[in-house]
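**Student:** To start, I am sharing the structure in question, which I have written as structure tokens.
The values are calculated or read from the model by the stated rules, or taken from the named source; none is laboratory data. Keep in mind that what you see is a predicted model, and the values were worked out from it rather than measured. Glycine also receives a Cβ, built like all others from the backbone with ideal geometry; neighbour counts cover every protein chain displayed. Note: areas computed on protein heavy atoms with side chains; ligands, DNA, RNA excluded. Shrake-Rupley method; radii C 1.70, N 1.55, O 1.52, S 1.80 Å.
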Amino acid sequence: MSPSTSAQPEAPLIEAAGVVKRFPGVLALDGVSFGLRAGEAHALVGENGAGKSTLLKVLTGVYRPDAGGLRLRGEPVAFGGPFDAQRAGIQAIHQEIGLVPLMSVARNLLLGREPRNRLGLIDMRALHRAAEDLLAPYGVRIDVRRPLRSCGVGTQQMVALARAVSVDARVVVMDEPTSSLEPREVETLFGVIRDLRARGIAVVYVSHRLDELFRVCSRVTVLRDGRMVHTGDLADLDRLRLVSLMLGRDMAEVRAEGMTKFSGDHERAGDVPVLEARGLTRRHQLDGVSVTVRPGEVVGLGGLLGSGRSETAKAIAGALPLDAGTVVVAGTPLRWPTTANATKAGIAMLPEDRKAEGIVPALSIRENIALAALPGLSRAGIVSDARIDRIVGTFMKRLRIKASSMHQRVGELSGGNQQKVLLARWLATEPKVLLLDEPTRGIDVGAKAEVQTLIDELAREGLGVLLISSDLEELVEGADRVVVLRDGAVAGELTGDQVSEQGVMAAIAAEPEPPAAAGPAPGDEAPGDGAPADEAPEADPAGKDEN
Amino acid sequence: MAEVTASPWAGLDRARVLAWLQDYGVYLAVAVLLVFNAFFTPHFLEVDNFRNQLVQVTPVLIVSLGMALVIGTEGIDLSVGSVMSMAAAMIALYLGYGLVPAVLMALLAGAVSGLAGGSLVAFVGVQPIVATLALLVGLRGLANVFVPQLEDFRDPALLSLGGDSVLGVPYVVLVAAAVVAVVGFLVRRTTFGRRLVAIGGNRRASELSGLPVKRVLLLVYMLSGVLAAVAGILSTARIQAADPTSLGLLMELSAITAVVVGGTPLTGGRVRVAGTVMGALLMQLLASTLTKHDLPSSGTQMVQAAIILVAVYAARERMTR
């Protein structure tokens, strides 16, 4: 698909044409075109690894494209760095970027263009007055002499926005601007965006919250796997269509079952849940999520990026401090939610970020596998090498880990084999519940099939499995039941025949109806409606693109 | 065949050479120095000389082993020299009650200061270099408050600990050998050792795997403190005096040098016990060789600096491979 070239009166304010950006081993952007018109709010959406972050960095001068280029009002430009982009009027608002936390709000707002008195010193009184004037339209009423650091995150973001706009911005890039804002602040932000548009400033709006997109944005560009898959007016899309574009599952061509290695349903060994998570709540991230897993059951956790899937798994594993909620393993509540206690209770979590949170790259396969099960493989703190060798040998054979020997460093293995090592690490602890966060991401097809078969087998043996996957097909075929999350709350649960790709997408895309949903669903307004929301969507993790 | 002489290194993988150098370079260097001394240093091969060298290396060696554990967790312990002075002060204060109470108090002081540093690192989240720097400054000050000036003893038990031998092996060397054995056992055979290395290799992954990360860190710093106290006790026994002002000065740097030269990377995730022993021996041999051949101490320091640079270079190149 090409950018909608249908009768456009005005030339795009800024345009990326056929942009290619390569990183070692990854093609982050593969000929992406993107146009931004004056006075529009343009939603940029896509799942993990779609290339959003990379595209934003190209637009803001952080990266230089390997091929293709940028045009500013029709003129080709090449930004040498973020500074050039800023001078061209392209301002990016990230929470932390570009501000000096220890300086006062006023100094931050007018950094580099402070009013001076006759001696060439900063005229503090004028500075503070000017700062107050600048902030007034943003609904922020604070003492501008306070250090920025002492303000709330929302206020800091407003300061960043006010500064960006006051420096003659033509394009404002907002990456997940509402992820740490209170509902009232979100409303203010939306008001500001309307003002910006009225002044002819274009806004690039990146968010995973569909409600927000439909309220704020007029056009949308969908990226997937480094390619532009759709661009056009947002009003032409319904939510379901948008979700299917993001996830890459065309409604018409959902393939027949059987492409993955999952066999489908499992016998349930018993009715006492092996895992019960009740009302998991954490500010801005989780909003009363409850999930139940029975022995022998694979429960899928569906939802878009940033819907709280990983956070739910982490919370269950004791790796995310909670404001409220309990985790019950096989009838026994976890007293003190730490990873050590969760592990002891029989919870095993395969983290999404294998490199940063999973493997210990410099240690051998053997050491990595034995790591979590050490208490069981030792007596009085002294490890039994024979027992470790035996268990490591067993798992290397069972999971078919390909390596020169069990003493090879894990950092040298392929992604698929690293993932198997991590699975072995957890299986060695003889867990009751397996939390699998994207277990097959970034591993080759063969290993993927093996991991899927293994998940199946483990469930058959009576383990409870919570499966998180952005691959809808994998989710639907692997899971007996799917709990769909949206904005950190449970949006619905699919059982039996409902477990289908359409079903999951429909649940993700559904307009939240407060009484029907399982969790306290966030309030919502129809697109374009400017009335303040009673309870705007609140939860969102710091889930950012990975590329 | 003649064409191959263009570069003798051409056939060798550079990364593998560096890896080998990091792992075994220290053994090679020690061997070279031994051979050199055997030929060119008079009296080098005499038993007395060996005994002397070993006695002299003991404090650094013991402190280095604790340091190696801390560095294995991606940390560092700058407080070791001051802990030594604190141990000396404890000996001075409690020797009146007998040697055993005095030694126990000194060890306790080491454990407590390690507990303080470890708590700051594990629970408060202070960077190791900052937490132990605070102890480096504070502990020596405290030791000086307890024992303001050099205090010498005439205690027969202490004299015996510092000077006597069994079967020709001085007690202090025996203690050092025992420490080497214990630390080696800890690293190789215990859950504590495995966890320590995993935490240094990837702390987040260790946490998510349910490891008691904070407990392990606390223990590591306590061990380092206790070992530094042991070194302080032995040094005090050897010189028969408590000298909190200068005992253990710059010991942290000697220890870090021995650890790094011995092949333990500063980035953590690995502890080389034998390598650390060799690293300490190398620095000792180097100093004595240069002294005996009438090179000024400034020359010694520059050669030491060169060796550290080579060790760090080998380690870094290996990381970025």
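**Student:** Which one is modelled with the highest pLDDT among residues in the stretch A:504-523 that are touching a helix residue (DSSP H, G or I) at 6+ places or on another chain (Cβ under 8 Å) and surrounded by fewer than 24 Cβ atoms within 10 Å (Cβ to Cβ)? Outline the logic, then answer.
**Tutor:** Taking the stretch A:504-523 first, the residues touching a helix residue (DSSP H, G or I) at 6+ places or on another chain (Cβ under 8 Å) are A:504-506, A:508-512, A:522.
If we keep only those that are surrounded by fewer than 24 Cβ atoms within 10 Å (Cβ to Cβ) too, we end up with A:506, A:509-512.
Working: A:A506: 86, A:A509: 83, A:A510: 81, A:E511: 74, A:P512: 66.
Ranking the candidates gives A:A506 first.
**Student:** Does B:L227 satisfy the condition of being modelled with pLDDT of 90 or more, over 12 Å from the mean Cα position of the chain (by Cα), within 23 Å of B:A87 (Cβ to Cβ) and open to solvent by 10 Å² or more (accessible area, probe 1.4 Å)?
**Tutor:** On the way: modelled with pLDDT of 90 or more: yes; over 12 Å from the mean Cα position of the chain (by Cα): no; within 23 Å of B:A87 (Cβ to Cβ): yes; open to solvent by 10 Å² or more (accessible area, probe 1.4 Å): yes.
For B:L227, the condition - modelled with pLDDT of 90 or more, over 12 Å from the mean Cα position of the chain (by Cα), within 23 Å of B:A87 (Cβ to Cβ) and open to solvent by 10 Å² or more (accessible area, probe 1.4 Å) - is not met.
**Student:** Does B:R194 qualify as being over 19 Å from B:M86 (Cβ atoms), modelled with pLDDT under 95 and under 21 Å from the mean Cα position of the chain (by Cα)?
**Tutor:** yes
**Student:** Please verify whether A:A85 is under 30 Å from A:R309 (Cα atoms) and open to solvent by less than 30 Å² (accessible area, probe 1.4 Å), treating the condition exactly as stated.
**Tutor:** On the way: under 30 Å from A:R309 (Cα atoms): no; open to solvent by less than 30 Å² (accessible area, probe 1.4 Å): yes.
It is false that A:A85 is under 30 Å from A:R309 (Cα atoms) and open to solvent by less than 30 Å² (accessible area, probe 1.4 Å).
**Student:** Restricting to the stretch A:401-449, give me the number of residues that are in a helix (DSSP H, G or I) and within 14 Å of chain B (Cβ to nearest Cβ). Write out each step before concluding.
**Tutor:** Within the stretch A:401-449, the first condition is being in a helix (DSSP H, G or I), and the residues that meet it are A:410-412, A:415-427, A:445-449.
Going one step further and asking which of them are within 14 Å of chain B (Cβ to nearest Cβ), we end up with A:410-412, A:418-419, A:421-427.
Residues flagged as in a helix (DSSP H, G or I) and within 14 Å of chain B (Cβ to nearest Cβ) within the stretch A:401-449 amount to 12.
**Student:** May I ask you to list the residues in the stretch A:131-173 that are open to solvent by 60 Å² or more (accessible area, probe 1.4 Å) and assigned to a loop (DSSP other than H, G, I, E, B)?
**Tutor:** Those that are open to solvent by 60 Å² or more (accessible area, probe 1.4 Å) and assigned to a loop (DSSP other than H, G, I, E, B): A:R141, A:D143, A:R145, A:R146, A:D168, A:R170.
**Student:** Here is a further query. Need the failing condition index for A:S53 against (1) part of a helix (DSSP H, G or I); (2) more than 24 Å from the chain's Cα centre (by Cα), just the number.
**Tutor:** (2)
**Student:** Moving on. So, in the stretch A:323-362, of the ones that are open to solvent by 50 Å² or more (accessible area, probe 1.4 Å), assigned to a loop (DSSP other than H, G, I, E, B) and in contact with a Ser or Thr (Cβ under 8 Å, 6 or more places away or on another chain), which residue ends up farthest from the other protein chains (Cβ to nearest Cβ)?
**Tutor:** So the residue we want is A:D323.
**Student:** Would you kindly identify the helices (runs of 4 or more DSSP H) lying entirely within the stretch B:190-285 that contain at least 2 residues that are within 14 Å of chain A (Cβ to nearest Cβ) and in contact with a strand residue (DSSP E or B) (Cβ under 6 Å, 6 or more places away or on another chain)? Give the steps one after another, and end with the answer.
**Tutor:** Numbers: elements: B:191-201, B:203-208, B:213-239, B:251-261.
Here the list is empty.
**Student:** Here are the criteria: (1) open to solvent by 40 Å² or more (accessible area, probe 1.4 Å); (2) closer than 19 Å to A:L99 by Cα; (3) touching an Asp or Glu at 6+ places or on another chain (Cβ under 8 Å). Tell me which single one A:R197 does not satisfy.
**Tutor:** (2)
**Student:** Being open to solvent by 20 Å² or more (accessible area, probe 1.4 Å) and closer than 18 Å to B:M222 by Cα narrows it down to one residue among B:V80, B:V103; which is it? Steps first, answer last, please.
**Tutor:** Working: B:V80 fails: open to solvent by 20 Å² or more (accessible area, probe 1.4 Å).
Just one listed residue meets the conditions, B:V103.
**Student:** Another question, then. Could you count how many residues in the stretch B:32-46 are open to solvent by 50 Å² or more (accessible area, probe 1.4 Å) and aliphatic (A, V, I, L, M)? Outline the logic, then answer.
**Tutor:** Filtering the stretch B:32-46 down to residues open to solvent by 50 Å² or more (accessible area, probe 1.4 Å) leaves B:32, B:34-36, B:39-40, B:42-43, B:45-46.
Then drop every residue that is not aliphatic (A, V, I, L, M), which leaves B:32, B:34-35, B:45.
Selection size over the stretch B:32-46: 4.
**Student:** Which number in (1) touching a Lys or Arg at 6+ places or on another chain (Cβ under 6 Å); (2) within 28 Å of A:A373 (Cβ to Cβ); (3) at pLDDT 90 or above marks the one condition that A:A342 misses?
**Tutor:** (1)
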